[in-house]
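One structure is given here, and the rest of the page talks about it.
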Amino acid sequence: MQENVATLEQERGSLRALAEIGHVVNSSLDLQIVLSEVMDTIIQLAGAQRAFLMLQDAQGELYTVVGRNWKLESLKPGEYEISRTVINRVVEQGEALLTTNAQEDPRFDGVQSVVAYSLRSILCVPLKVKDDLIGVIYADNRVREGIFTENHRFLLSAFANQAAAALENAQLFNDLSMSYDQTLEALVTALDARERETEQHTRRVVDYSMALAEKIGLADEELIEIRRGALMHDIGKIGVPDAILQKPGPLTDQEWVVMRRHPEEGLRILQDITFFKGAIDIIGSHHEHYDGSGYPRGLVGDQIPLGARIFAIADAFDAITSNRPYRKAQSFEAAYEEILRCRGTQFDPKVVDAFRSIDREEWIALRALSLPRDRTRLSER
């Protein structure tokens, strides 16, 4: 009776864990979080010392995506050894492999890795997406024998399906994001051409913004938003007439009124599109000045989103070092001095300090990736 109760409790715990993992898979696109959760659950439910999720690369070689130990800590490459014989057999046969004591299992007689690593309980299952094997989930215990059962094999296979779903969701999301970004780049190239700027204009300010953001230490998710915001910063110029946008000389006061509407026009175009939720800070605020003298809202200091403060320096650096119809591009040194001169007025002092900390050679190398473009010095255009 007690044994039956224990079995029922174990099965209930397994079902609960599957439901929880399913919720994580369906509610998060952060692949590392999802896969770590899967591995941790395997360790806790099956009594494994270690659990690994491995994927095949384009050449069919396996590499570890997530490795966790019984303390639910991440394992780094070089910190562990596992039996490739076991893994390769699962890959070749496409079926789960369970051994309760690898040291005495005749299937592994003479297998050096099993003996050398003192492996005992091992459970390895294939990871498949639409019947195509893409990797494996491997769990082991080097101390205890017989801890894995057929129920654990079933459970691990179910978790493998959840992990495969997470991987497929992430791939679909990445493919969709890449498609969006490629479409945006095509649109921006057309916008650059309309303003008679070289097609590399946007690439340069994106590269400069990313260099600054990385130096400041922004997270990967923030870097993505910085890139998209820099890419689309002038989308609002769609609403500016060609006669103003392509005018070879200085603008009149009335023309400036029209030109200065483009940040707000960009916000109007993109603010309801979820894909640009984190990017609109740059689009709407990239002409704001740290001292409040910018436009369109006259924001001051930290009222200006960090992405916009970063982009302002990137855009200024590109403006100074680019040709205009009425002046030649200036040197790196001239741009450097001008940006430092505007520290605390036009630009955020902390972002200027990040600019200063990047080697001159790195800025010049980024600049060399593309040809000069036409742009007004520290322009308000």
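Details
- FRET efficiency estimate (nearest 0.05) - Cβ-Cβ, Lys71 to Arg194, R0 51 angstrom: 0.30
- Neighbourhood charge, 14 Å Cβ-Cβ cut-off, centred on Leu176 and excluding it, Lys, Arg +1 and Asp, Glu -1: -2
- Prolate/oblate/rounded call for the chain, Cα gyration tensor, a/c under 1.5 rounded: prolate
- Contact order relative to length of the chain, as percent, for alpha carbon pairs under 8 angstrom and 6 or more apart: 12 percent
- Cα gyration tensor, the range 181-368 - rounded (a/c under 1.5), prolate or oblate: rounded
- Packing rank of 212-223, 137-148, where each peptide gets the mean count of other beta carbons within 10 Å, highest leading: 137-148, 212-223
- DSSP-loop trypsin sites (Lys or Arg not before Pro) across the range 46-93, with at most 10 other Cβ within 10 angstrom: Lys71
- Pairwise centroid distance, computed over Cα atoms, of the range 319-360 with the range 224-276, Å: 22 Å
- For the range 59-104 versus the range 137-216, the inter-centroid distance based on Cα atoms is 24 Å.
- Difference of contour (0.36 nm per residue) and Cα-Cα distance, Ile224 to Asp57: 57.7 nm
- Net charge contributed by nearby residues that have their C-beta within less than 10 Å of Asp353 (K/R +1, D/E -1): +3
- Helical contribution to [θ] at 222 nm, DSSP H n ≥ 4, -39,500 (n - 2.57), averaged over the chain, rounded to 500: -16500 deg cm²/dmol
- Normalised by the number of residues in the range 181-368, the mean separation of alpha-carbon contacts (under 8 Å, six or more apart) gives a relative contact order of 21 percent.
- Shape category assigned to the range 43-159 from the gyration tensor of Cα positions, a/c cut at 1.5: rounded
- In this simple spin-label approximation, Asp242 and Ser118 carry label points 7 Å from Cα along the Cα→Cβ vector, and these lie 7.8 nm apart.
- The range 249-355: trypsin sites (Lys or Arg not before Pro) in DSSP coil with no more than 13 other Cβ atoms inside 10 Å: Lys277, Lys328
- Axial C-alpha extent at least 27 Å, average Kyte-Doolittle at least -1.0 - helices from the chain (DSSP): 2-27, 150-194
Taken together, the values in this text are just the output of simple stated rules run on the coordinates, not laboratory data. For clarity, every value in this text was computed on a predicted model and none was experimentally measured. Quick reminder, even Gly has a Cβ in these numbers, built from the backbone with ideal geometry, and neighbours come from all protein chains shown.
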